[in-house]
Amino acid sequence: MRVQAQHGKNIKKSPVTVVKLGGSLAPHAGEIIPALRSASRPLLIVPGGGAFADAVRQSGADEVAAHWMACAAMDQYGWTLAARGIGTTTRIARPRFPCILLPYCALRRYDPLPHSWDVTSDTIAAWVAGKLGGDLLVLKSVDGLETAGKLLTSIEKPVATDVVDPCFIPYVLEHRIRTFILNGTDTTGICRWLRGGQVRGTGIGTTF
């Protein structure tokens, strides 16, 4: 398919790949982390909030407090991923080796995004990718974005979906961030994508 076939052609142009690892994939972290750790390219892994963010949603905190609590939840989930044998960093910079970003301190410093549940770790990961000039791989517990039960292999404009937060697609399109969404439970597919191969998923934008 067009997105899949062209993906491998441009892969070496990106200095770093940001990987958003969703909280719903926590049960599969034992397989995903080794796959990411074995990558030959620099990866900066942005954790979701997982169960820690769910607790924030249930707390009844106002939007400002909830925003920072949810950012701290990303750090908490990040530490659970790090326990699988991968390093951590608080710096938004090109890493020498694949590692987990603990984003709270950087987000407090830059405060780049609206304080709303319309912005979650999805858009935060996109912001990190944009800041580094890198591409973005979003790992979810689904194959990608769908419409009427059919997988969308590529999109060039916003679509209605609950797979990512409401701000995510407009953000990556506006900032021209090379983005691909695939199923994180398919570790073979993750490894293939990281090598520039064809995989099942959804590309966002026109640069693949």
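Over what distance in Å are the Cα centres of segment 69-88 and segment 108-183 separated? Result: 20 Å between the Cα centres. Expressed to the nearest 5 percent, the antiparallel share of DSSP beta bridges inside segment 98-208 is 40 percent. For K157, the aspartates and glutamates whose Cα comes closer than 14 Å to its Cα, not counting residues fewer than 8 places off in the same chain, are E146, E174.
Computed over the chain, the Cα gyration tensor eigenvalues convert (square root of 5λ each) into semi-axes of 24, 20, 16 Å, ordered from largest to smallest. When the alpha carbon gyration tensor of segment 106-208 is reduced to an equivalent ellipsoid, the three semi-axes, largest first, read 22, 16, 13 Å. Dividing the alpha-carbon radius of gyration of segment 66-132 by the rule-of-thumb value 2.2 N^0.38 Å gives 1.08.
By DSSP, the beta bridges lying fully in the chain are antiparallel in about 20 percent of cases. Sorting W127, W79 by solvent-accessible area of protein heavy atoms yields W79, W127, largest first, with a 1.4 Å probe.
Per residue of the chain, the DSSP helices (runs of n ≥ 4 H) give a summed -39500 (n - 2.57) that works out to -11500 deg cm²/dmol at 222 nm.
Here segment 107-208 has 45 percent of its accessible surface on carbon and sulfur atoms, given a 1.4 Å probe and all protein chains in place. Calculated accessible area for the chain comes out at 46 Å² per residue, all protein chains present (probe 1.4 Å; ligands, DNA, RNA ignored).
Note on the chain: with charges restricted to the Cβ of Lys and Arg (+1) and Asp and Glu (-1), its dipole about the Cα centre is near 1160 debye.
The values are calculated or read from the model by the stated rules, or taken from the named source; none is laboratory data. Note that the structure is predicted; figures quoted are calculated from it, not measured. Every residue, glycine as well, gets a Cβ built from its backbone with ideal geometry; the counts of neighbours run over all protein chains shown. Just the protein is used for accessible areas: all its heavy atoms, side chains included, with ligands, DNA and RNA removed. Shrake-Rupley method; radii C 1.70, N 1.55, O 1.52, S 1.80 Å.
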